[in-house]
Amino acid sequence: MSLGCRPSAIILGSTFTLFWGIDHANAERVDLPPDRALNDTAYGRIDGDVFFRIASGVTVGPGAPRAALDLRARYFDMAGLFVTYEDAFSSTSSARRVVATGFELRPLFVARWVQGWHFGVPFTDLLLDSFGIELGVQWTQVGTAKIRSTPGFQFGIGLEAPLFGRATGLWLGVHGGLRWSNEALAQSTATSAFERASYFTFTLGWHQVVSAKIAGATALGR
């Protein structure tokens, strides 16, 4: 499996998207009528039913740091899918590339919102509700070897903080967890640091709420 995309391409493409988001942030915020904006404790999360995120940043773990591109889609900011691509800054890095994908669950938002359990402070409520649990698979390329054809397992958690106090806007994120190779899972032992490794990814990303009109979307009041 050959992946030719370099970190510079990841960062340039993602940065373009982030600056586009900044340019449109104020327009998104004035869409709400004043009376609704004062009482919108969902902070725009039910203005649509699908939540998209594109972010770039850095992953640290065994070996040299890697540039990271993170893509996510969630239904009502509750559950969805993620894809992460990491590429080392140096071709001599011991862990050159990682591709991960899986399922993300955010259990706090709807459970708190429908009960009215909120602080009324956008940053605090959105930060708390961003807590997520991630389960997925990952492929790692170590050294000059080809990227592994058999995936390993990934478990992680994440938190994200809004810069605009709204669902749509720029967010800072941190995601971390553990990755196991298929060999480590089969043998219950790790022969190198990459067979069973921890990771932390720090990102800056644009979040966008859109109305995809998925069946059942009216359940939360749309």
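The values are calculated or read from the model by the stated rules, or taken from the named source; none is laboratory data. Here the structure is a predicted model, which is why all the values come from computation and not from measurement. Neighbour counts run over all protein chains shown; Cβ positions are idealised from the backbone, glycine included.
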Could you say whether any residue in the range 99-113 is touching a Ser or Thr at 6+ places or on another chain (Cβ under 9 Å), among the hydroxyl-bearing types (S, T, Y) and assigned to a strand (DSSP E or B)? yes
Do we find a residue being touching a Pro at 6+ places or on another chain (Cβ under 7 Å), on the phi < 0 side of the Ramachandran plot and outside any strand (DSSP E or B) anywhere in the range 77-90? yes
Please go through the range 106-139 and give me each residue that is touching a Gly at 6+ places or on another chain (Cβ under 8 Å) and over 19 Å from F202 (Cα atoms), ordered by number. P122, V137, W139
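From the set of residues in the range 109-122 that are aromatic (F, W, Y) and in contact with a helix residue (DSSP H, G or I) (Cβ under 7 Å, 6 or more places away or on another chain), which is surrounded by the most Cβ atoms within 10 Å (Cβ to Cβ)?
So the first thing to find is which residues in the range 109-122 are aromatic (F, W, Y), and the list is 109, 113, 117, 119.
From what's left, in contact with a helix residue (DSSP H, G or I) (Cβ under 7 Å, 6 or more places away or on another chain): 109, 119.
Working: F109: 23, F119: 11.
Among residues in the range 109-122 that are aromatic (F, W, Y) and in contact with a helix residue (DSSP H, G or I) (Cβ under 7 Å, 6 or more places away or on another chain), the one surrounded by the most Cβ atoms within 10 Å (Cβ to Cβ) is F109.
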Count of residues meeting criterion [buried (at least 17 other Cβ atoms within 10 Å of the Cβ), aromatic (F, W, Y) and either free of Cβ contacts under 8 Å to residues at least 12 places away in the same chain or in a strand (DSSP E or B) (or both)] in the range 154-189: 2
Can you spot a residue in the range 9-26 that is more than 24 Å from R112 (Cα to Cα), touching a Gly at 6+ places or on another chain (Cβ under 6 Å) and modelled with pLDDT of 70 or more? no
Would you point out the residue of the range 131-153, among those that are at pLDDT 95 or above and of a type outside the set (F, W, Y), that is surrounded by the most Cβ atoms within 10 Å (Cβ to Cβ)? G132
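Sort through D125, D70 and tell me the only one that's surrounded by 18 or more Cβ atoms within 10 Å (Cβ to Cβ), of a type outside the set (K, R), closer than 17 Å to T168 by Cα and at pLDDT 95 or above.
Only one candidate passes the filter, namely D70.
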